[in-house]
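The values are calculated or read from the model by the stated rules, or taken from the named source; none is laboratory data. Nothing here was measured: the structure is a model prediction, and the numbers come from that model. As a convention, Cβ positions derive from the backbone with ideal geometry for all residues, glycine included, and neighbour counts pool all protein chains shown. Note: accessible area is taken over every heavy atom of the protein model, side chains too, but ligands, DNA and RNA are not part of it. Shrake-Rupley method; radii C 1.70, N 1.55, O 1.52, S 1.80 Å.
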Amino acid sequence: MAKRKRSKKTHTNSKILTYIAWFLSLVALVLSALLAGYYIGFSDGKSKVEKTYTKEKKLLNKLDKKLAKKPISVNKRLKSVLKKDTKQYISASHEIDGTSLANVPKMAQRKKVITPHKALLAIIIDDVGTSSQVKAIKSLRLPLTMSFLPPSKARPNTQKLAQLENIYMVHLPMEAQNWSAEEPNTLRIHDKQSVISARIKEIKKLFPKVAYINNHTGSKFTASEVAMNRLIFALNTNNIHFIDSRTTAQTKAPKVLKNFGLKYVARDVFLDHHMDKPYVLAQIKKAIDVAKSHGTAIAIGHPHRNTLQALYESKELLKDVELVYINRL
């Protein structure tokens with residue numbers, strides 16, 4: 001009987017071991033399935049990550065190419081913005097009386113202004129009259145002082161455009177020696193004091209923030225001491241400073257301003273007497289040299305494509321001086 005009991009116990013133990021073996025096999029199977037699923041999921045995830053990375057890399061490469069072409073896009077933008085306005089410009093040489101003045105007539109010697117850091121250069125853009133010109137000038141992101149022509153039939157909104165700017169000038173038309181295409185309400189040498197004063201009062205009303213004006217053409221007007229006396233008297237009454245565009249070597253502005261006890265301020269370099277870009281680039285370098293030599297300088301340009309493109313291409317060169325708005329001088 002004892003022998004049978006032992007046999008039954010052995011059978012039971014064998015049965016338990018079988019169950020354990022089956023259980024362990026099942027656990028192993030589940031673990032294998034989980035591991036296989038993880039590996040497959042990881043592979044799929046890895047594949048997706050690699051695809052996303054490749055896609056983003058391609059996009060970045062495209063962006064790099066676009067950024068590398070930025071100067072071309074700016075050039076195209078200027079061409080597009082100024083397409084209509086550029087047709088109005090045959091030449092900027094209408095501003096000055098005689099080709100020789102492109103290289104600056106002799107000025108009274110001036111002392112070098114000692115500046116704490118870099119020399120100061122102000123660049124005035126004359127003849128501003130349309131929103132497209134304003135957009136093109138501002139797209140350069142340079143502190144360029146815009147000088148707006150007074151409103152006329154051809155440019156009715158100049159005063160509204162100027163109101164949006166903190167610093168601006170008025171480019172006041174004055175009588176020239178040889179220029180047939182006069183602007184409306186051009187000041188003439190035989191205008192009485194009442195006429196000139198009324199015009200300046202009107203300019204102040206149209207452009208309330210104006211603190212500086214420079215002459216548009218004016219080679220005949222600025223050469224007349226009587227006319228300049230009347231103009232400076234009217235400007236002084238309205239707290240407006242005169243900046244001589246120096247369109248003639250016979251300008252009486254230095255003498256008249258001295259008589260009024262005022263400082264004579266004038267342009268040093270015309271950037272675009274000739275409109276080809278190499279010439280403008282050379283004039284920008286010249287303006288920088290004048291600024292370095294004297295501590296300050298004023299250059300005048302116009303809102304046509306080649307001038308603005310040359311200024312864009314000279315951004316690095318202009319870092320040799322501090323480019324400032326006219327009120328800094």
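In segment 226-233 there is no residue matching the filter, namely being assigned to a loop (DSSP other than H, G, I, E, B) and either surrounded by fewer than 20 Cβ atoms within 10 Å (Cβ to Cβ) or at pLDDT 95 or above (or both).
Yes/no matrix, rows are residues, columns are (1) open to solvent by less than 10 Å² (accessible area, probe 1.4 Å); (2) farther than 23 Å from Glu182 by Cα; (3) under 18 Å from the mean Cα position of the chain (by Cα); (4) hydroxyl-bearing (Ser, Thr, Tyr):
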| position | (1), (2), (3), (4) |
| --- | --- |
| Ile213 | yes, no, no, no |
| Asn239 | no, yes, no, no |
| Thr251 | no, no, no, yes |
| Asp272 | yes, no, yes, no |
| Val290 | no, yes, no, no |
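Against the conditions (1) open to solvent by 30 Å² or more (accessible area, probe 1.4 Å); (2) farther than 20 Å from His304 by Cα; (3) modelled with pLDDT of 95 or more, Lys69 satisfies every one except (3). Of all residues in segment 236-252, those being on the phi < 0 side of the Ramachandran plot and either touching a residue at least 40 places away in the same chain (Cβ under 8 Å) or part of a loop (DSSP other than H, G, I, E, B) (or both) number 11. Determine if segment 261-271 includes at least one residue that is of a type in the set (D, E, K, R), more than 22 Å from Leu142 (Cβ to Cβ) and in contact (Cβ under 8 Å) with a residue 40 or more places away in the chain. Looking for residues that are of a type in the set (D, E, K, R), more than 22 Å from Leu142 (Cβ to Cβ) and in contact (Cβ under 8 Å) with a residue 40 or more places away in the chain, one finds none in segment 261-271, hence no. Scanning segment 199-210 for residues that are outside any helix (DSSP H, G or I) and touching a helix residue (DSSP H, G or I) at 6+ places or on another chain (Cβ under 7 Å) yields a total of 2. For segment 186-198, a residue qualifies if it is over 18 Å from Gln159 (Cβ atoms), assigned to a helix (DSSP H, G or I) and open to solvent by 30 Å² or more (accessible area, probe 1.4 Å), and the qualifying residues are Gln193, Ser194, Val195, Ser197.
Okay, residues lined up against (1) in contact (Cβ under 8 Å) with a residue 40 or more places away in the chain; (2) in contact with a Leu (Cβ under 9 Å, 6 or more places away or on another chain); (3) surrounded by fewer than 22 Cβ atoms within 10 Å (Cβ to Cβ):
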site	(1), (2), (3)
Asn157	no, no, yes
Leu164	no, no, yes
His171	yes, yes, no
Gln177	yes, no, yes
Ile200	yes, yes, no
Lys205	no, no, yes
